[in-house]
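This report refers to the structure that appears directly beneath it.
Values in this text are rule-based calculations from the coordinates and carry no lab data. Being a predicted model, the structure only gives us computed values, none of them experimental. In this analysis, Cβ positions are derived from the backbone assuming ideal geometry, glycine residues included, and neighbour counts consider all displayed protein chains.
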Amino acid sequence: MKLVYINDELATGDGSNAHALGMLSAFKELLGESNVYSFPLPKDGSKDAANIRNVVIRQKLKVVLQFVRYFRKKINSIKRSKAYIAEMESNGFIPTHVLARSTVFDVTANYVAKYFNAKLIYEINTPMYYEAGEIRKVPMERQMEVWERKIIEESVYVYVVSKVCRDMLCEHYNINTDKFIVVPNGYMEDLYTENDEERQVIRDAIRKKENIIDKFVITFVGSLKVWHGIQMFCEIAEKFQKDSKVHFLIIGDGEMRKEIVNYVQSHDNMTFMGKLDYQRMKQYLYASDLGLMPYNKQENFYFSPLKMFDMIGAGLPFVGTRVAQIEDIVNEFFDANFLVENNNPQLVIKRINNIVIDKEAYSSMEQKVIKNKELFTWKKRAQYLLEKINRG
């Protein structure tokens, strides 16, 4: 197999940059570097500052931007495909497979696959007909559906991050599930390489630096989306305000930043780190005692929570809402201590208190994470995907 991997997230500062870099690294390891080509040039996006202002501006101008995006992508898809084809041919690289992450209205990968007569595989992490049409309410919904149907129908396989995502696409476009490969997110195996002693040194250093040496540290890590339950996280933290032994930590940045800043300014039991690069994120996860994912329990939860897998990679026990893929992963590999029925603060607080008090239960959670962590690496994800593609 000679694979060209086209994924705009390789060059962004978004959370999905970790996904793109992790899969690219795994593809190169599994297939050999000479058998993998990628566009655009990859970079470590975790070092880019979060640009909240751009998010706000894009939201205000979403109608205008959607029309601009539609016509620009039609033109750029042709330009980019010609440039990619020329570069690969000049380097003697003739792909047998084209794997691309879906980007609204972009069909670069379709042109590349057709030119080389290669098999086309699309990665779809979001049912765009639903997110853009029903959640964001952007215009050109019909054109969006035409584009999304096109990339699905022209693909040999479509790789999605969750069963819910697959089922939504299959039902909406009346497509058989056989075309879809479900591959959840994972974590960078080469990021979490420290042994127990090295990890403890890092943990002690961070806890000393942040003045949380004797505290039970509960951490949220992610891009601060509305559905992440940030408001609930703050309410839970507020209930622990009088408990000096518990401290809350937030790693990440995004649209809910204002709520976090307001809380931190009026309370002293939470530290807001903002967006950290991958190395520093890892260090603060090592310094934590419990990860918390108080996600909203909503219909069509098609997400694959990326940072849940980073917590697993760091060997960090976690508690999450019983919903979709979180529930599936916990039921298969962990136990009921990792779940709460919903993000009601009282339920979550009760679970946290039980974990803090019951040292044996906490130790059991920690051991389950460490025992199973190797199952969730990007290499394992890529290996499964490639095996499925090769069987076809």
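Ranked by the mean number of other Cβ atoms within 10 Å of their residues, highest first, the peptides 1-10, 110-119, 256-265 fall in the order 1-10, 110-119, 256-265.
Note on W227 and A336: their simple-model spin labels are 2.8 nm apart, each label 7 Å out from Cα toward Cβ. Normalising by residue count, the stretch 196-375 has a Cα convex hull of 112 Å³ per residue.
Net charge in the neighbourhood of R166 (other residues with Cβ under 14 Å of its Cβ; Lys, Arg +1, Asp, Glu -1) is -3. Apply 1/(1 + (r/R0)^6) to the Cβ-Cβ distance of A83 and L375, taking R0 = 35 Å, and write down the FRET efficiency to the nearest 0.05. That pair, A83 with L375, gives E of 0.35.
Relative contact order, whole percent, for the chain stands at 16, derived from Cα pairs under 8 Å and 6 or more residues apart. Note on the stretch 133-154 and the stretch 2-47: Cα centroid distance 25 Å, given to the nearest whole angstrom. Around K359, with a cut-off of 14 angstrom between Cβ atoms, what is the net charge of the other residues, counting Lys and Arg +1 and Asp and Glu -1? So the environment of K359 carries a net charge of -3. Computed on the stretch 24-179, with alpha-carbon pairs under 8 angstrom and 6+ residues apart, the relative contact order is 18 percent. Using only Cα atoms, locate the centre of the stretch 178-199 and the centre of the stretch 321-392, then give the distance between them in Å, rounded to an integer. Spelled out, the Cα-based centre of one part sits 13 Å from the other.
A simple packing score, the average count of other Cβ atoms within 10 Å per residue, orders the peptides 336-345, 217-226 as 217-226, 336-345, with the highest score first. Take every pair of alpha-carbon atoms less than 8 Å apart whose residues are at least six positions apart; their mean separation over the length of the stretch 245-392 yields a relative contact order of 19 percent.
Averaging 1/r across all pairs of distinct Cα atoms in the chain and inverting the result yields a Kirkwood radius of 22.1 Å. Placing a pseudo-label 7 Å from each Cα along the Cα-to-Cβ vector at D14 and N211 gives an inter-label distance of 3.8 nm.
For the chain, find the longest principal axis of its Cα atoms and tell me its angle to the long axis of helix 230-239, 0 to 90°, nearest 10. It is inclined by approximately 10 degrees.
Computed over the chain, the per-residue total of -39500 (n - 2.57) for DSSP H runs of n ≥ 4 gives a 222 nm mean residue ellipticity of -15000 deg cm²/dmol, rounded to 500.
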